[in-house]
Amino acid sequence: MMHVTDFSMDLFSLKGKNAIVTGGNSGLGQAFSVALAKGGANVMTVSIADDYGETKQWVESCGVDYRYVHGDITADGVCARVVKECVESWGSIDILINSAGICINVEDVTQFERKDWDKMAAVNLTAVFEMTHEACKYMTRQKSGKIINIASIYSFLGGKWSPAYAATKHGIVGLTKTMCDELAEFNIQVNAIAPGYFATKLTEKTRNDEKRNAEILSHIPANRWGMTSDLMGACIYLSSDASNYVNGTVLTVDGGYLMR
């Protein structure tokens with residue numbers, strides 16, 4: 001066992017680690033990809049987007065390897081293919097960040113249609129299970145691994161006008177706890193990050209709505225929207241050996257939103 005005098009900042013290093021980030025080419029996922037690269041990890045992103053934008057440039061500027069897989073993680077066999085490609089390319093999968101998520105058709109529950117429910121559940125929850133399922137086939141043999149699921153402040157709130165989003169994000173917390181309970185014996189840590197309101201392309205319309213923007217800011221003690229860079233420290237911590245005894249937790253990064 002490590003003594004307090006043995007603690008080193010090197011525990012935060014991700015050098016030599018191999019990571020997969022779903023939805024890792026835009027928004028919050030891009031911040032996670034760059035954070036891992038800055039920590040020293042090789043990064044593979046998977047997305048339905050046709051290109052990887054600036055992610056490749058930013059990741060490779062950190063002196064690590066970058067790979068991109070084009071694919072729909074809700075389609076049969078894609079999750080298995082992505083994980084296999086990571087292991088065949090680099091020899092292991094050490095970090096999995098389940099970042100891909102969608103929120104469509106924000107409507108009253110009486111208007112919200114089953115097709116939208118099914119699509120959101122497939123991306124936000126079922127694909128998270130599937131990616132974790134495939135990654136753990138290798139992590140259990142390695143007897144090591146870090147899995148970070150992306151929850152939300154709406155994992156703890158009712159989520160008016162977005163029944164599928166709130167329900168799937170509640171489900172992410174439950175899945176995180178279940179996976180922790182099962183995988184801890186294999187030295188695999190499963191945790192979640194719950195972002196609050198962040199300034200991304202997806203929230204641009206809300207931020208430009210003067211009334212709604214003021215309502216949100218009045219509920220955030222920090223009095224500002226989060227920047228994607230605000231998530232990078234949490235990502236590095238939960239991906240590193242510094243968090244080896246942190247398991248099954250949900251780390252909220254919301255500027256204090258849930259405190260009001």
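The table for this structure:
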quantity	calculated
Per residue accessible area of the chain, 1.4 Å probe, in Å²	50
Fraction in percent of alpha-carbon pairs per bin - 10 Å, segment 178-248	17, 35, 23, 20, 5
Cα-only radius of gyration and Dmax that characterise segment 5-73, units Å	12.8, 49
The chain, accessible surface, carbon-and-sulfur percent (1.4 angstrom probe)	52
Extension gain, R224 back to V106 (0.36 nm per residue minus Cα-Cα distance, nm)	40.2 nm
By accessible area with a 1.4 Å probe, ligands and nucleic acids excluded, highest first: order of R141, R212	R141, R212
Lys, Arg +1 and Asp, Glu -1 on Cβ, resulting dipole of the chain about Cα centre, debye, nearest 20	280
Spin-label model distance (nm) - D50 vs H70, 7 Å beyond Cα toward Cβ	0.8
Stokes-Einstein D in µm²/s, Kirkwood radius over Cα pairs - segment 65-129 at 4 °C with 1.567 mPa s viscosity	94
GNM result for the chain, Cα springs below 10 Å: residue of G40, G158, G27 fluctuating most strongly	G158
Fully extended contour minus Cα-Cα distance, from E113 to M259, at 0.36 nm per residue	49.3 nm
Cα radius of gyration and Dmax for segment 106-258 (Å)	16.8, 53
Estimated 222 nm signal from helices in the chain, with DSSP H stretches of n ≥ 4 weighted -39500 (n - 2.57), rounded to 500	-11500 deg cm²/dmol
Within straight-line cross-link reach of K169, lysines at Cα separation under 16 Å, skipping those fewer than 8 residues along the same chain	K119, K160, K177
Low-density loop positions, chymotrypsin sites (Phe, Trp or Tyr not before Pro), segment 44-124 - DSSP coil, at most 10 other Cβ in 10 Å	none
Estimated inter-spin distance, A199 and S144, nm [label 7 Å along Cα→Cβ]	3.8
Segment 114-172, dipole about Cα centre (Lys/Arg Cβ +1, Asp/Glu Cβ -1), debye to the nearest 20	120
Percent RCO, i.e. relative contact order, over segment 5-134, from Cα pairs under 8 Å lying at least 6 residues apart	26
Computed accessible area, D108, all protein chains, 1.4 angstrom probe, square angstrom	70
Globularity index of segment 40-166, i.e. its alpha-carbon radius of gyration over 2.2 N^0.38 Å	1.18
Added length on full extension, which subtracts the Cα-Cα distance from 0.36 nm per residue, A184 to L157	6.9 nm
Dipole of the chain, positive direction: furthest Cα of I220, V246, I147, with charges on the beta-carbon	I220
Hits among aspartates and glutamates - C-alpha to C-alpha of K211 under 19 Å, sequence gap 8 or more where chains match	E107
Equivalent ellipsoid semi-axes - Cα gyration tensor, the chain, angstrom	29, 21, 19
Residue order for T126, T132, T249, T5 - accessible surface, 1.4 angstrom probe, largest first	T5, T126, T249, T132
At most 15 other Cβ within 10 Å, DSSP loop - GluC sites (Glu not before Pro), segment 66-172	E107, E113
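The values are calculated or read from the model by the stated rules, or taken from the named source; none is laboratory data. As the structure is a prediction and not an experimental result, all values here were calculated from the model. Cβ atoms come from the backbone with ideal geometry, glycine included; neighbour counts cover every protein chain shown. Surface areas here come from the heavy atoms of the whole protein model, side chains and all, with no ligands, DNA or RNA. Shrake-Rupley method; radii C 1.70, N 1.55, O 1.52, S 1.80 Å.
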